[in-house]
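Encoded as structure tokens, the structure appears first; notes follow it.
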């Protein structure tokens with residue numbers, strides 16, 4: 001170990017103390033400080049077994065690596081239409097070859113006692129089918145958002161969970177990380193005065209015109225379904241209310257091959273029962289945007305970026321001062337998966353159950369209707 005001149009390791013300290021170079025009281029103080037800084041993790045407790053359905057970019061780059069940070073969840077099975085990819089990932093994450101499934105034998109997962117929870121990480125248009133089949137196999141299900149393509153499909157998923165007496169949770173990962181949780185507390189506590197207005201924008205530049213997100217059957221819609229749902233959901237959890245009216249406009253660049261089937265830009269406005277107004281946007285056309293502004297009578301709460309996987313920033317603007325909020329970062333996917341595991345273990349309702357996903361899909365249907373009709377839609 002190499003130390004700077006000012007560093008004193010425990011070993012060097014003891015050597016010096018034994019030679020009478022440091023006082024006993026100093027030794028006790030240093031050892032106490034070193035002990036306080038040394039954090040020995042607790043041994044792992046019970047972990048529930050997870051099956052990941054769909055091995056695309058999100059699963060490979062975010063979800064599977066997150067299991068290393070989980071306290072209550074472990075990956076035990078993979079479901080994929082690409083056996084070579086599944087085999088490589090199984091070797092990397094210690095999944096038994098017998099626990100690799102494809103979409104044809106997926107239903108046989110019911111006979112695997114190692115699998116407690118299924119995580120659906122498929123295109124939006126496939127969420128309903130594989131969630132329902134997962135519940136029919138007797139498993140609990142976490143589904144990526146948006147929950148499905150339509151409110152009717154969402155209800156099918158909820159009904160299947162109830163019939164099977166199993167948990168259904170939607171993967172609103174931002175609800176499980178410290179910055180968004182603190183934003184909710186501040187916005188609803190009165191620290192910045194009563195909220196008057198919320199500004200929420202979410203977008204990124206869509207490149208490859210062949211990706212499934214630009215296919216209406218698979219995606220259900222364009223930027224609103226994919227990235228705008230972050231802005232929509234944020235207005236609901238920051239206010240703690242459900243909107244009663246919506247106005248909206250949609251625009252897509254003419255003749256752009258990316259937007260033959262789905263929309264590029266959406267701007268929508270919401271009215272809440274307390275009088276709070278929200279102005280939101282989603283886009284597939286510009287550089288990555290992810291920010292919220294909660295406008296209170298006494299101050300303004302800002303998050304930018306607000307929904308990235310890491311590097312979130314929060315501050316409060318009050319008068320001529322800016323108060324930066326620095327919070328610990330957590331892995332969003334590990335946090336949400338451990339929450340689901342805990343709910344299964346403790347037989348508790350998830351924070352973001354199927355009903356939460358249904359509310360967003362119902363609201364998005366209202367946004368599309370308002371854009372088509374050019375009229376305010378009552379919700």
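The values are calculated or read from the model by the stated rules, or taken from the named source; none is laboratory data. Values in this document were obtained by computation on a predicted structure and should not be read as measured data. Cβ coordinates were reconstructed from backbone atoms using ideal geometry, including for glycine residues, and neighbour counts include every protein chain displayed.
Just a few scattered comments:
- Scanning region 331-354 turns up no residue that is over 21 Å from residue 48 (Cβ atoms) and in contact with a helix residue (DSSP H, G or I) (Cβ under 9 Å, 6 or more places away or on another chain).
- Cβ-Cβ distances below 8 Å connect the following pairs, each with a first residue in region 188-210 that is more than 16 Å from residue 314 (Cβ to Cβ), a second residue that is at pLDDT below 95 and in a loop (DSSP other than H, G, I, E, B), and a separation of six or more residues or different chains: 203/286; 203/288; 204/286; 204/287; 204/288; 205/286; 205/287; 205/288.
- The single condition among (1) surrounded by 14 or more Cβ atoms within 10 Å (Cβ to Cβ); (2) over 17 Å from residue 373 (Cβ atoms); (3) at pLDDT 95 or above that residue 268 does not meet is (2).
Yes or no, residue by residue, for (1) outside any loop (DSSP other than H, G, I, E, B); (2) touching a residue at least 24 places away in the same chain (Cβ under 8 Å); (3) out of contact with any helix residue (DSSP H, G or I) (no Cβ under 9 Å at 6 or more places or on another chain); (4) surrounded by fewer than 23 Cβ atoms within 10 Å (Cβ to Cβ):
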position: 89; (1), (2), (3), (4): yes, yes, no, yes
position: 98; (1), (2), (3), (4): yes, no, yes, yes
position: 104; (1), (2), (3), (4): no, no, yes, yes
position: 107; (1), (2), (3), (4): yes, yes, no, yes
position: 114; (1), (2), (3), (4): no, yes, no, yes
position: 126; (1), (2), (3), (4): yes, yes, no, yes
position: 129; (1), (2), (3), (4): yes, no, no, yes
position: 148; (1), (2), (3), (4): no, yes, no, no
position: 155; (1), (2), (3), (4): yes, yes, no, yes
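- Sole exception among (1) buried (at least 18 other Cβ atoms within 10 Å of the Cβ); (2) out of contact with any helix residue (DSSP H, G or I) (no Cβ under 6 Å at 6 or more places or on another chain) for residue 197, by number: (1)
- Residue 224 vs. criteria within 30 Å of residue 122 (Cβ to Cβ), within 20 Å of the chain's Cα centre (by Cα) and buried (at least 21 other Cβ atoms within 10 Å of the Cβ): yes
- Filtered residue count, region 342-367, keeping only those that are assigned to a helix (DSSP H, G or I), in contact (Cβ under 8 Å) with a residue 12 or more places away in the chain and more than 13 Å from residue 73 (Cβ to Cβ): 14
- Count - residues of region 306-331 that are within 17 Å of residue 198 (Cβ to Cβ) and surrounded by fewer than 18 Cβ atoms within 10 Å (Cβ to Cβ): 2
- Test: residue in region 291-302 that is closer than 29 Å to residue 215 by Cα, crowded, with 17+ Cβ neighbours inside 10 Å and in contact with a helix residue (DSSP H, G or I) (Cβ under 7 Å, 6 or more places away or on another chain): yes
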